[in-house]
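**Student:** Sending over a structure as structure tokens; questions will come in a sec.
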Amino acid sequence: MDLPLNNGNKKTLSRLGSSSRLSPHHQPLPAGVPPLPSKYKAFPQKKPERLEDVRSNGWLDAMKSSSPTCAYLIKDFTVGITSDDASIAYSIWMRKYPSAIKSIKQIMELAYNRKIAVFLDYDGTLSPIVDDPDRAFMSDEMHLAVKNIATYFPTAIISGRSCDKVYELVGLTELYYAGSHGMDIMGPVSNSMTDDYLKCAKPTNQRQGNEVGLLQPARDFLPMIDEAFRTLAEKTKDIEGVKVENHKFCASVHYRNVDERDWPSVAQCVHDILEDYPHLKITHGRKVLEVRPVIDWNKGNAVEFLLNSLGMNDCADVLPIYIGDDKTDEDAFKVLRERGCGFGILVSSVPKETNASYSVKDTSEVMEFLKLLVSWKKIESV
Ligand SMILES: O=P(O)(O)OC[C@H]1O[C@H](O[C@H]2O[C@H](CO)[C@@H](O)[C@H](O)[C@H]2O)[C@H](O)[C@@H](O)[C@@H]1O
């Protein structure tokens, strides 16, 4: 069943070809989800029979395992181990996901005669994870490293935050931005783009003098997300430490600062609200529940879209590199792995299941890797 998003304009982006997976306006809804009504408010607020309790539907387990800081290990390893065991397990894991820094020579060989495109997640990748999402800033050194990388390679930030918020935090006009987990893309405009890709009234890419366009495949969900955000904020306001953010095409319910004994209340509250929104779903991030439209569009689609619109779709010529730390970044790692084109680098200091090919420990290693890429490019171009 196709979801008639966006004013019935059936034109697709010509550069994307005919793949329905890439078409932002024909996202199939999962089986059993009713079509989105044209007037969302008129939709009967069906209250389905009570879903499984959050304890049995896996939400609580996912909440407990999000953002592990010490010896939380994946299923091939043991939980509740000593720090020595943890470092052995990490070393074993690193054999499968080697350090991108130590593998720089191998990466440069892969990049030989190919154009690199760089995709960067924001939180936990460019800025360290902190308790207050409003204070997640990049260091000056990281800011410079990102600016330099964008001088040499097409670079995009792909974030769960709204496009405006991440642009405000990064403040670099030479980058492309995809906010709301890829549902709000500020990217390059080419002549072959159709009306689906809105040309931005205010070109932000001043340094390169390029026009910038917007792609918003979940545009019709805006009123619904806004209403859900307000309900989530209202209903969770008495749980100490909860913070709810509106990221335009998704909403984030943070529980990092909530006493662990109250996590079931957070989960139950969000779960109960979502029963009234069959067009919204939950994904798990680092101590955050992300509420987003059920459409099949994620950070992986955003990467594919940007590669297409940058004219960098030919695997023989292009090496896309995606760096991220979160579960939502796995969608992008998976796309690169499945295309057999480019690779992901996971930011993690503990073993995790991942579709990335390499790893770095933390944001300072991300910065070191970005600097290495720039140094290599400088040497190569003399
Ligand atoms: O895709 P990202 O750029 O990584 O954004 C994902 C979420 O990041 C932010 O939350 C995370 O970072 C916060 C600041 O360090 C931290 O306090 C929080 O616990 C993390 O989940 C952001 O606030 C979320 O809205 C994003 O979805």
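The values are calculated or read from the model by the stated rules, or taken from the named source; none is laboratory data. Just so it is clear, the model here is predicted, and its values are computed rather than measured. In this analysis, Cβ positions are derived from the backbone assuming ideal geometry, glycine residues included, and neighbour counts consider all displayed protein chains. To get the accessible areas, we keep the full protein, side chains included, count just its heavy atoms, and leave off ligands, DNA and RNA. Shrake-Rupley method; radii C 1.70, N 1.55, O 1.52, S 1.80 Å.
**Student:** Can you run down the residue pairs with Cβ atoms below 6 Å, 6 or more apart or on separate chains, where the first is in segment 154-172 and free of Cβ contacts under 8 Å to residues at least 40 places away in the same chain and the partner is assigned to a loop (DSSP other than H, G, I, E, B) and within 8 Å of the ligand (Cβ to nearest atom)?
**Tutor:** I157/Y122; S159/Y122
**Student:** Among E353, E338, which is open to solvent by 50 Å² or more (accessible area, probe 1.4 Å) and in contact (Cβ under 8 Å) with a residue 12 or more places away in the chain?
**Tutor:** E353
**Student:** In this structure, is M63 surrounded by 14 or more Cβ atoms within 10 Å (Cβ to Cβ), farther than 27 Å from S381 by Cβ and at pLDDT 80 or above?
**Tutor:** yes
**Student:** Find all pairs meeting these conditions: Cβ atoms under 7 angstrom apart; at least six residues apart or on different chains; first residue within segment 252-271 and open to solvent by 30 Å² or more (accessible area, probe 1.4 Å); second residue assigned to a helix (DSSP H, G or I) and within 14 Å of the ligand (Cβ to nearest atom).
**Tutor:** Filtered contacts from segment 252-271: H254/P133.
**Student:** Let me ask something else. Just a yes or no: is a residue in segment 300-310 surrounded by fewer than 23 Cβ atoms within 10 Å (Cβ to Cβ), on the phi < 0 side of the Ramachandran plot and without any contact (Cβ under 8 Å) to a residue 24 or more places away in the chain?
**Tutor:** No: zero hits.
**Student:** Quick one: count up the residues across segment 361-382 that are under 19 Å from A150 (Cβ atoms), modelled with pLDDT of 95 or more and not charged (D, E, K, R).
**Tutor:** 9
**Student:** If you don't mind, there's one more thing I want to ask. Only one of (1) crowded, with 21+ Cβ neighbours inside 10 Å; (2) at pLDDT below 95 fails for A316. Which number is that?
**Tutor:** (1)
**Student:** Being assigned to a loop (DSSP other than H, G, I, E, B), on the phi > 0 side of the Ramachandran plot, modelled with pLDDT of 95 or more and crowded, with 21+ Cβ neighbours inside 10 Å, is that true of even one residue in segment 120-127?
**Tutor:** yes
**Student:** N113 is checked against (1) modelled with pLDDT of 95 or more; (2) part of a loop (DSSP other than H, G, I, E, B); (3) open to solvent by 60 Å² or more (accessible area, probe 1.4 Å); (4) over 30 Å from I225 (Cβ atoms) and fails just one. What number does that condition carry?
**Tutor:** Among (1) modelled with pLDDT of 95 or more; (2) part of a loop (DSSP other than H, G, I, E, B); (3) open to solvent by 60 Å² or more (accessible area, probe 1.4 Å); (4) over 30 Å from I225 (Cβ atoms), N113 violates only (1).
**Student:** A145 versus (1) near the ligand (Cβ under 9 Å from one of its atoms); (2) of a type in the set (G, A, S); (3) in contact with a Leu (Cβ under 7 Å, 6 or more places away or on another chain): which is the lone unmet condition?
**Tutor:** Result: A145 passes all but (1).
**Student:** Would you point out the residue of segment 154-168, among those that are near the ligand (Cβ under 9 Å from one of its atoms) and aliphatic (A, V, I, L, M), that is farthest from T328 (Cα to Cα)?
**Tutor:** V166
**Student:** Also, I was wondering about something else. Look at segment 262-318 and say how many of its residues are among the small types (G, A, S) and in a strand (DSSP E or B).
**Tutor:** Residues meeting the conditions: 1.
**Student:** Since V130 meets every condition but one in (1) in contact (Cβ under 8 Å) with a residue 24 or more places away in the chain; (2) closer than 18 Å to D325 by Cβ, which condition does it not meet?
**Tutor:** (1)
**Student:** Could you please let me know if L372 is open to solvent by less than 10 Å² (accessible area, probe 1.4 Å) and not small (G, A, S)?
**Tutor:** So L372 fails the test.
**Student:** Here's a follow-up. Determine whether segment 185-200 contains at least one residue that is within 16 Å of the ligand (Cβ to nearest atom) and either at pLDDT 90 or above or farther than 24 Å from R292 by Cα (or both).
**Tutor:** yes
**Student:** Working carefully through the options I101, I107, I157, I149, find the one that is within 24 Å of the chain's Cα centre (by Cα) and part of a loop (DSSP other than H, G, I, E, B).
**Tutor:** Checking each option against the conditions leaves just I101.
Matching residues to (1) touching a residue at least 24 places away in the same chain (Cβ under 8 Å); (2) more than 26 Å from P154 (Cβ to Cβ); (3) of a type in the set (A, V, I, L, M, F, W, C); (4) touching a Gly at 6+ places or on another chain (Cβ under 8 Å):
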| residue | (1), (2), (3), (4) |
| --- | --- |
| I273 | yes, yes, yes, no |
| V294 | yes, yes, yes, no |
| K334 | yes, no, no, yes |
| M367 | yes, no, yes, no |
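**Student:** If M142 passes every condition in (1) at pLDDT below 95; (2) in the same structural domain as L310 (by the TED database) but one, which one does it miss?
**Tutor:** The one condition M142 does not meet is (1).
**Student:** Give segment 135-177 a look and list any residue that's among the hydroxyl-bearing types (S, T, Y) and open to solvent by 10 Å² or more (accessible area, probe 1.4 Å), or say none.
**Tutor:** Selection gives S139, T151, Y152, S162, Y167, T173, Y176.
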